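Engineer: I'd like to ask some things about the structure below.
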Amino acid sequence: MAPISTPATLLKRARRVAVLTGAGISAESGIPTFRDALSGYWARFRAEDLATPEAFERDPELVWRWYRERRHRLRDAEPNPGHRALVTLSDKVPQLTLITQNVDGLHARAGSTGVVELHGNLTRVRCFDAGHLAPEFPDTEAVPRCARCGSLLRPDVVWFGELLPQAALHRALEAARRADVFLSVGTSNLVEPAASLRWIAAERGAAVLVINPTMDGQRRGPGVHHLAGPASRILPELLSEAWPTD
Ligand code: OAD
């Protein structure tokens, strides 16, 4: 039997698992990350121009076009083996909470249920002034208006300087506090409050497994195990090691 400290054994013995995913898990579905030095969105665009309420007030057309293009890119994207492995994992452990910073909806499309979306969802729109949700995403070039109050529609994502959806944040904090194992997958862990979740879990004794090709820019800390490589390969491997006979 593998020693207790191996990540697969920790996972197999866990009763409560919290998973936090970031853009890296969708990278192999063809969706750019944010901070990759060459292809990341924030290497090519300025977040202040596109992902703040002030940017939308200044130039709503520009912001709308950028999100519309990202949404178009999503139509061609499919969940990859990393997303699918997390669906399988939720059947293996007694309790799993899947928390994501991604707005691409690929976890749900892979079959995950009850996903905690910390940063909203790119496929939804709400109005800028009152937050009325629109029934569908209007695929128009011009910024559409809310059918209820006439204010401009914006993507239902969290922008810099905005509060996270409080119910989602509450669920994420609860899951981190109660976890035996905290899995951080494909995130640079640079954006708060998501970045602190792994330390909240670790403080209460959880093992932290980080799945990422690199630990560049990330603090290791005690009880942190780094599994180096792409999520689409490491997650399925981790599951087959933990449950070899399946
Ligand atoms: P980042 O772009 O900051 O980080 C992506 C991480 O994925 C990096 O650590 C990469 O090393 C890793 N990565 C790349 N390819 C991978 C692969 N195939 N498998 C696993 N990991 C891989 O993205 P996030 O951490 O998600 O917020 O960024 C957090 C937030 O910052 C986003 O939700 C977004 C952004 O600004 C908002 O828009 C509010």
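The values are calculated or read from the model by the stated rules, or taken from the named source; none is laboratory data. Remember, predicted model here, so these are calculated numbers, not experimental data. Ideal geometry is used to build each Cβ from the backbone, glycine not excepted, and the neighbour counts take in all protein chains shown. In case anyone asks, the SASA skips ligands and DNA or RNA and just uses the protein heavy atoms, side chains included. Shrake-Rupley method; radii C 1.70, N 1.55, O 1.52, S 1.80 Å.
Engineer: State the percent of C-alpha pairs, over all pairs in region 1-55, separated by a distance greater than 19 angstrom.
Structural biologist: The share of Cα pairs beyond 19 Å in region 1-55 comes to 56 percent.
Engineer: Non-local amide H neighbours of T33 (under 5 Å, H modeled in plane, Pro and chain starts lacking H): which ones?
Structural biologist: Answer set, sorted by chain and number: Y41.
Engineer: Residue-wise, which Karplus ³J(HN,Hα) couplings in Hz belong to region 95-104, taking 6.51 cos²θ - 1.76 cosθ + 1.60, θ = phi - 60°, and x for glycine or proline?
Structural biologist: 9, 10, 10, 9, 10, 10, 8, 7, 10, 8
Engineer: Sticking with this structure for a sec: Normalise the Cα radius of gyration of region 1-135 by 2.2 N^0.38 Å (N = residues in it) and let me know the number.
Structural biologist: 1.24
Engineer: Which whole-angstrom value gives the distance between the alpha carbon centres of region 153-221 and region 1-79?
Structural biologist: 13
Engineer: Further question on the same structure: Short version: ³J(HN,Hα) in whole Hz for each residue of region 52-62, in order, from phi by Karplus 6.51 cos²θ - 1.76 cosθ + 1.60 (θ = phi - 60°), x for Gly and Pro, what are they?
Structural biologist: In residue order, the calculated couplings are 9, x, 5, 4, 5, 5, 6, 8, x, 4, 4 Hz.
Engineer: If region 95-240 were replaced by its equivalent ellipsoid, with semi-axes equal to the square roots of 5 times the Cα gyration tensor eigenvalues, what would those be, largest first, whole Å?
Structural biologist: Rounded to whole Å, the semi-axes are 33, 16, 14.
Engineer: What ³J(HN,Hα) values, in whole Hz, does the Karplus curve 6.51 cos²θ - 1.76 cosθ + 1.60 give for region 150-163 when θ = phi - 60°, with x put for Gly and Pro?
Structural biologist: Ordered by residue, 3J(HN,Hα) equals x, 7, 5, 8, 9, x, 8, 10, 8, 9, 4, x, 9, 6 Hz.
Engineer: Also: Could you tell me the calculated FRET efficiency between A142 and H170, based on Cβ-Cβ distance and R0 = 45 angstrom, to the nearest 0.05?
Structural biologist: Computed FRET efficiency for A142 and H170: 0.75.
Engineer: So if each residue of separation counts as 0.36 nm, and I subtract the Cα-Cα distance between A130 and W42, what length gain in nm does that give?
Structural biologist: Stretched fully, the A130-W42 segment lengthens by 28.8 nm.
Engineer: Hey, another quick one. Rg (Å, one decimal) plus Dmax (Å, integer) for the alpha carbons of the chain?
Structural biologist: Rg, Dmax (Cα atoms, Å): 18.5, 63.
Engineer: Per residue, how much accessible area does region 22-66 show when a 1.4 Å probe rolls over the protein heavy atoms, in square angstrom?
Structural biologist: The answer is 51 Å² per residue.
Engineer: Follow-up question, since we're still on this one. Name the long-range amide H neighbours of H226: under 5 Å, sequence gap of 5 or more, or other chain; modelled H, no Pro or chain starts.
Structural biologist: V210
Engineer: Name the residue, out of G105, G24, G205, whose mean-square fluctuation peaks in a Gaussian network model built on the chain with Cα pairs under 10 Å.
Structural biologist: G205
Engineer: Please list, ordered by chain and number, the residues whose modelled amide H lies under 5 Å from the amide H of V157; skip anything fewer than 5 residues away on the same chain.
Structural biologist: N121
Engineer: Quick check: convex hull of the Cα atoms in region 76-171, volume per residue, rounded to a whole Å³?
Structural biologist: Considering the Cα atoms of region 76-171, their hull volume per residue is 118 Å³.
Engineer: Let me ask something else. To check you understand DSSP bridge types, tell me what percent of the beta bridges within the chain (both residues inside) are antiparallel, rounded to 5.
Structural biologist: Of those bridges, close to 25 percent are antiparallel.
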